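Let me begin by presenting the structure, written as C-alpha cells, before commenting on it.
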Amino acid sequence: MKRKLFLFGAVTLALCSCNQIAKYSSAYKQMTLERDSLAAVQEKTVAEMDNYLSIISEVDSNFQVIKENENYISVNANGEGMPKNDWRTRMADNFYVINSILEANKAKIEELQSKVDNGDIKSAQLRKTIAKLTAQLEEKNQEILALQQDLERKNIRIDSLVVENKLMTEQARQMVADMEEQNKKIQSQDETIHRAYYLVATKSELKDNGVDAKNMSSTFRNGLFTAIDIRDVETIPTNSKRAKVLTKHPATSYVLERDADRKYVLVIKNATDFWSTSKYLIIKVD
C-alpha cells in the first residue's frame, strides 16, 4: 500500500513539474516575441526619424547658401572696381543660384510634409518645424523680391540680367522637373515598402500549387497571392469555420475571431508588428 502511495505521489509531482515547465516555456516564448517586435519597431522608427532630420538639415544648409549669395549681391550691387561684364555675369550667377535653391527647398519641404503625413511617427514638433521652414521659405522669396526692387531703384536693370540668363532659368526648371520625378520614385518606393501579400487556401490548394510557408522565396507567385497596402488593411476574411495562420507573425499582433456566420476573420491588432517578420501571409482553411 505504501509503495502505491509513493508511486502515486511521484507521478503527481512529475506532472506538476511538467506543467510548470510548459507554463514558463510559453511565457518565455511570448516574451521573446514581444521583445523582437519592439526591436523591429524601434529600428524602423529610428530610420524614419533619421530621414526626416536629413531633409531638415539639407533645407537649413540651403538657406545658408542663399544668405551668402544675398550678402554678395548687396555688397557688390554697384559693381565698383569690377569689369562690367564680370559684374553682370556674377550678379546673374548669384540670382540663378538663389532661385534654384529656393525651388529646391520648396520641393524638399513638400517631400518632408508628405513623408510626415504618411509616416508612422506622429510628432507635433515635426509639424511645427515644417511650418517654420515653410514660413522661412516665403520670407526668403519676399527678401529676394525686395532686393530686386532695390537694385532697380538704383537703375540696375535686373530684367536685362534675367533675359541674358534665360538658359539658366530653363535649367532651373529642368532641375525642378527632375526633383518631381525623383519624388515620384520615392513615392513608388514608399508604396513598395508598405506592400504585403496574403493567400487564403485549403491544404490541397497549397500542395497543388507548391506553396511552402517556410520557404516563400521559392513558392511566391503573383497569381496566387493578393497584394495589399499594410496601412489600409486591418482585417482579412477567411470565409471558413476552420483557419490557421501558417506564416510566422508575432502572436500579440493579431487574433482570429469569428464573424456572425461563425467563420474566422484575421484581425491585425498592430500592423507594424504583424508584418515585421514577413511581408507574406498564408492562412490554411478547411
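Within the stretch 247-286, the only residue that satisfies the criterion of being open to solvent by 70 Å² or more (accessible area, probe 1.4 Å) and of a type in the set (S, T, N, Q) is 277. The residue of the stretch 122-134 that is nearest to the chain's Cα centre (by Cα), among those that are open to solvent by less than 20 Å² (accessible area, probe 1.4 Å) and touching a residue at least 40 places away in the same chain (Cβ under 8 Å), is 126. In the stretch 109-121, the residues that are surrounded by fewer than 14 Cβ atoms within 10 Å (Cβ to Cβ) reach residues that are at pLDDT 85 or above with C-beta atoms within less than 7 angstrom, at least six apart or across chains, in these pairs: 120/272. If you go through the stretch 242-269 and keep only what is within 27 Å of the chain's Cα centre (by Cα) and free of Cβ contacts under 8 Å to residues at least 24 places away in the same chain, you end up with 254, 255, 269. Being modelled with pLDDT of 75 or more, open to solvent by 40 Å² or more (accessible area, probe 1.4 Å) and assigned to a helix (DSSP H, G or I) is a description that does not apply to residue 152. Taking residue 244, is it open to solvent by 70 Å² or more (accessible area, probe 1.4 Å) and part of a strand (DSSP E or B)? Taking the combined requirement at face value, the residue satisfies it.
Report whether or not residue 143 is of a type outside the set (A, V, I, L, M), assigned to a helix (DSSP H, G or I) and either modelled with pLDDT under 80 or on the phi > 0 side of the Ramachandran plot (or both).
no
Within the stretch 180-232, the set of residues being modelled with pLDDT of 80 or more, of a type in the set (Val, Ile, Thr) and within 26 Å of the chain's Cα centre (by Cα) comprises 193, 226, 228, 230. Taken over the stretch 191-216, the residue count meeting the criterion of being part of a helix (DSSP H, G or I), farther than 15 Å from residue 279 by Cα and in contact (Cβ under 8 Å) with a residue 12 or more places away in the chain is 2.
When the stretch 222-270 is filtered for residues that are in contact with a helix residue (DSSP H, G or I) (Cβ under 6 Å, 6 or more places away or on another chain) and of a type outside the set (Ser, Thr, Tyr), the ones remaining, listed by number, are 230, 249, 250, 251, 268, 269, 270. Give the number of residues within the stretch 228-241 that are part of a strand (DSSP E or B) and without any contact (Cβ under 8 Å) to a residue 40 or more places away in the chain. The number of residues fulfilling the criteria is 4. Can you confirm whether the stretch 206-217 contains a residue that is open to solvent by 40 Å² or more (accessible area, probe 1.4 Å) and hydroxyl-bearing (Ser, Thr, Tyr)? Yes, some residue in the stretch 206-217 is open to solvent by 40 Å² or more (accessible area, probe 1.4 Å) and hydroxyl-bearing (Ser, Thr, Tyr).
The values are calculated or read from the model by the stated rules, or taken from the named source; none is laboratory data. All values reported here derive from a predicted model rather than from experimental measurement. As a convention, Cβ positions derive from the backbone with ideal geometry for all residues, glycine included, and neighbour counts pool all protein chains shown. Just so you know, the surface numbers come from the protein's heavy atoms only, side chains and all, with ligands and any DNA or RNA stripped out. Shrake-Rupley method; radii C 1.70, N 1.55, O 1.52, S 1.80 Å.
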